[in-house]
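The values are calculated or read from the model by the stated rules, or taken from the named source; none is laboratory data. Predicted model only: the values in this text are computed from it and were never measured. Because the Cβ atoms are built from the backbone with ideal geometry, glycine has one as well, and the counts that use them run over all protein chains shown. We work out accessible area using only protein heavy atoms, side chains counted, and drop any ligands, DNA or RNA first. Shrake-Rupley method; radii C 1.70, N 1.55, O 1.52, S 1.80 Å.
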Amino acid sequence: MDLSEKLEDNVQGIQNQFHPNMDLICYEFIINQDKQAALFYFESLSDANMIDRLILGSLLNNSAPSTNDIEWISNQIQVSNQRRVRTVEEVIDEVNEGNPVLLIDNSPAGIAFGLTKKEGRSVEEPLAEPVIRGPREGFTETLSVNASLLRRRIKSASFKMVSFKIGRQSKTKVTLYYIEGIASQALVEEATKRLSDISLSGVMDSGYIEEALADNSYSPFPQFLSTERPDVVAASLIEGRIAILVDGSPIALIAPITFFSLLQTPEDYYQMFFFSTFIRCLRYVFVCIALLAPSAYIAVLSFHQEMIPTTLMLSISKSREEIPFPALIEALLMEITFEALREAGTRLPKQVGAAVSIVGALVIGEAATSAGLVSSPMVMIVAITGIASFLIPRFTLGLSIRLLRFPIMLLSGNLGFLGLILGVIAIVIHLSKLHSMGHPYLAPVAPMNRSIFKDFLLRDKWSKLDENLLRKERTNR
């Protein structure tokens, strides 16, 4: 609805829209002794000191040649961030953003001033993504601060930001970042279309956006890389990806990604390439252990005892003499207990969380072994599996591996190695069909792309990696 030229009608209409709100300020005053004006803002969102000094101080202490002229008022107030509003809906949106809105009598337009109260968490090191060598800065919940952290790293006019408002009630600001000429136009257009099509009542975190944009929302595998690190986002943008940041959330989303990019860490690129390659290969091995170790142990004990050396088999049989459960039930009990302890350690206050999870695992493991409920080799297998899962650098991928471990265990407990192989084949088929923003999830393996193999299993020297970036930039331009 358009604003009326009568200030009284505008004030009444806006107050009716906001009623009841105790922190809404509607300050009515007189300009130049004869012109009525009203200033709307939320006490909890706007900077009251700046409003008093820059807006009210400028208007009440100066005489206007013609206060009907809204341009004179705009020039009189020394605030660079100003915007015209011409509808009641625009006034409501600006006030909800924390921007005070000035309306005057006999004018069908108002002025919104960018005087939002600047409050928020300071820039700190992200606790979930620590590095030994590398930057110590992390995103905060304030979108403007996050944008500044990225602009400090990408000082280029090609660095673009596109803003959206998503959420019928929350009207959350969501920003799409990309580098023009490096990110493909098709990718940018697809991301823009998907963001524009989101229809939600509210957006409280980037996780809402991640689920809404996913190519396959029923897949257990993450289709966006989530990170709190500005250096990771900046590097991904330079590689031709896009990033999405949500106001109120310190977690950025990066796409497109591959399964293998989820196993890479920022530190892979801050150390010498041969160290990074060794650690990366170790990570691939332990991902397989985290997924398959309990299932392989169950399959061997239940169906394929001949694969174990006789001496070792006798030792395992001796430890299992008094165990009342088959290997499958034994493994499920231990794995579920371990996952419960890990979740409890995460949810408890950090001062006691680590101690509870470690001490709890030791005490329960020892007590269960002494009581004859589980065998010592099973405790070792579960412990090795847990340690292997800690090597997965991305929490979201770690959750996927932990979830998929259980159905593979059930298959192995009923079909032996045949069940294990069927489970692995099903996962590979699913991954080969999966996409991230339209890009294959198993690239560069499927489809094969030899030019990207320099940063797949091995981490080549920067001089070689930069050749790929230059080639990609020329292609997109």
inquiry  = Take Ile384 and Ser122, extend 7 Å from each Cα along the Cα→Cβ direction, and tell me the distance between the two endpoints in nm.
reply    = 4.6 nm
ask   = Per residue, how much accessible area does the stretch 146-190 show when a 1.4 Å probe rolls over the protein heavy atoms, in square angstrom?
value = 50 Å²
Most positive-pole-ward Cα, Thr385, Leu418, Gly207, against dipole of the chain from beta carbon charges = Leu418
key: Among (i) 103, 55, 37; (ii) 86, 51, 43; (iii) 67, 51, 44, the entry that matches Cα extents along the principal axes in Å as calculated here   = (i)
query = Using a Förster distance of 41 Å, how high is the FRET efficiency between Asn106 and Ser219, based on the Cβ-Cβ distance and rounded to 0.05?
reply = 0.10
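Taking the Cα centre of the chain as origin and charging only Cβ (+1 Lys, Arg; -1 Asp, Glu), how large is the dipole, in debye to the nearest 20?
Values: 44 positive and 51 negative charges, 406 e Å.
For this selection, approximately 1940 debye.
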Extreme residue, positive dipole direction of the stretch 264-391, given options Ile279, Val363, Ser315 (C-beta unit charges) = Ile279
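Would you calculate a helix-derived [θ] at 222 nm for the chain, using -39,500 (n - 2.57) for each DSSP H run of n ≥ 4 and dividing by the full residue count, to the nearest 500?
-15000 deg cm²/dmol
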request  = Using a cut-off of 15 Å between beta-carbons, work out the net charge of the residues near Ser436 (Lys and Arg +1, Asp and Glu -1, Ser436 not included).
outcome  = -1
request  = Anything over 24 Å Cα to Cα? Flag those among Lys160/Lys464; Lys117/Lys171; Lys118/Lys165; Lys6/Lys165, in the order listed.
outcome  = Lys160/Lys464; Lys6/Lys165
remark   = Honestly the stretch 261-405 on the Cα gyration tensor test (a ≥ b ≥ c root eigenvalues; a/c under 1.5 rounded, otherwise a/b vs b/c for prolate or oblate) is just oblate
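First select every other residue whose beta carbon is under 10 angstrom from the beta carbon of Leu149; then total the charges, Lys and Arg +1, Asp and Glu -1. Spell out each step's value before the answer.
Values: positive: Arg151, Arg152, Arg153, Arg229; negative: Glu137, Asp231.
Its environment carries a net charge of +2.
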inquiry  = On a straight-distance basis, which lysines could pair with Lys461 in a cross-link, Cα separation under 26 angstrom, same-chain partners fewer than 8 positions away excluded?
reply    = Lys155, Lys472
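Heavy atoms only, probe 1.4 Å: what % of the accessible area of the chain goes to carbon and sulfur, would you let me know? Mind showing how you got there, number by number?
Values: 14350 of 24480 Å².
Ligands and nucleic acids excluded, carbon and sulfur give 59 percent.
What is the stretch 176-289 by shape, rounded, prolate or oblate, if you read a ≥ b ≥ c off the alpha carbon gyration tensor as root eigenvalues and call it rounded for a/c under 1.5, prolate for a/b larger than b/c, and oblate otherwise?
Details: a/c = 2.05, a/b = 1.58, b/c = 1.29.
It is prolate, given that a/c is not under 1.5 and a/b is the larger ratio.
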key: Whole-Å distance, taken between Cα centres, linking the stretch 375-443 and the stretch 80-117   = 54 Å
remark   = Simple spin-label estimate for Ala48/Glu89, 7 Å along Cα→Cβ, in nm, reads 3.2 nm
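For the stretch 115-235, rounded, prolate or oblate, judged on the Cα gyration tensor with a ≥ b ≥ c (square roots of eigenvalues), a/c < 1.5 rounded, else prolate if a/b > b/c? Write down the numbers at each step before the final one.
Values: a/c = 1.33, a/b = 1.24, b/c = 1.07.
Note, shape of the stretch 115-235 comes out rounded.
Taking K and R as +1 and D and E as -1, what net charge do the other residues with C-beta under 12 Å from the C-beta of Ala38 add up to?
On the way: positive: Lys6, Lys35; negative: Glu8, Asp9, Glu28, Asp105.
Net local charge, Ala38 excluded: -2.
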